[in-house]
Amino acid sequence: MPRAGSVKERQIGADRIYGSVVVAKLINQVMQSGKKETAREIVYGALEKAAESLGESPLSVLTQAILNTTPKQEVHSRRVGGAVYQVPTPVKGSRGQALAIRWIVQAARSKTGRPMRDRLAEELKDAYNNAGGAVKKKEDVRKMAEANRAFAHFRW
């Protein structure tokens, strides 16, 4: 049965220090088990550390890191007849930003042995410089979309 209507996107309030919705989204992504204050400390500390080492403002570091990590295309599974095809589709703005933030946090979590603040700061610096795990994930997704370009006509 089809959905009765489109789902409205929730509006997230801006964070306390920078007044940025993007920073608030990053905090929410870092947060685990409802511990938002801990997530805030991690994110603010990581932004300050990354900005200090790059000599930029914290918001410009985050903005550039997200821009460098945002994918242009992704693949969706689409069933046609008995076969399932990986169909490349363009990524809309808000989804691209959400994927970029998620990949940055996942790449930071995959590193071990240091506090999360330091790992996130390093991943933000790497993403700012077009390197690191999150940018590698973006490239993997781009290659997958490129490899399945022949199935683009199955897009809905």
Please go through the stretch 1-37 and give me each residue that is in contact (Cβ under 8 Å) with a residue 40 or more places away in the chain, of a type outside the set (Lys, Arg) and not in a loop (DSSP other than H, G, I, E, B), ordered by number.
VAL22, LEU26, GLN29, VAL30
Expected output for the stretch 65-89 (first residue of a type in the set (Lys, Arg), partner outside any strand (DSSP E or B), Cβ below 6 Å, 6+ apart or cross-chain) is ARG78/PHE154
Keeping to the stretch 1-39, report how many residues are aliphatic (A, V, I, L, M), surrounded by 10 or more Cβ atoms within 10 Å (Cβ to Cβ) and more than 19 Å from the chain's Cα centre (by Cα).
1
Could you grab me the full set of residues in the stretch 69-84 that are under 21 Å from the mean Cα position of the chain (by Cα), charged (D, E, K, R) and part of a strand (DSSP E or B)?
GLU74
Subset of the stretch 48-88 that is of a type in the set (Val, Ile, Thr) and exposed (fewer than 15 other Cβ atoms within 10 Å of the Cβ) - its residue that is nearest to VAL30 (Cα to Cα):
VAL84
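Looking only at the stretch 85-111, count how many residues are within 9 Å of the chain's Cα centre (by Cα) and of a type outside the set (Lys, Arg).
10
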Among the residues of the stretch 117-156, which ones are among the aliphatic types (A, V, I, L, M), closer than 17 Å to GLU74 by Cβ and surrounded by fewer than 17 Cβ atoms within 10 Å (Cβ to Cβ)?
MET144, ALA147, ALA150, ALA152
Run down LYS72, LYS49, LYS92 and say which single residue is charged (D, E, K, R) and touching a Gly at 6+ places or on another chain (Cβ under 9 Å).
LYS72
Quick check: anything in the stretch 105-116 over 26 Å from LYS143 (Cα atoms), exposed (fewer than 14 other Cβ atoms within 10 Å of the Cβ) and of a type in the set (Val, Ile, Thr)?
yes
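We did not get these values from a lab; they are worked out from the coordinates using the rules stated. Predicted model only: the values in this text are computed from it and were never measured. A quick note on method: Cβ atoms are made from the backbone with ideal geometry, for glycine too, and the neighbour counts reach across all protein chains shown.
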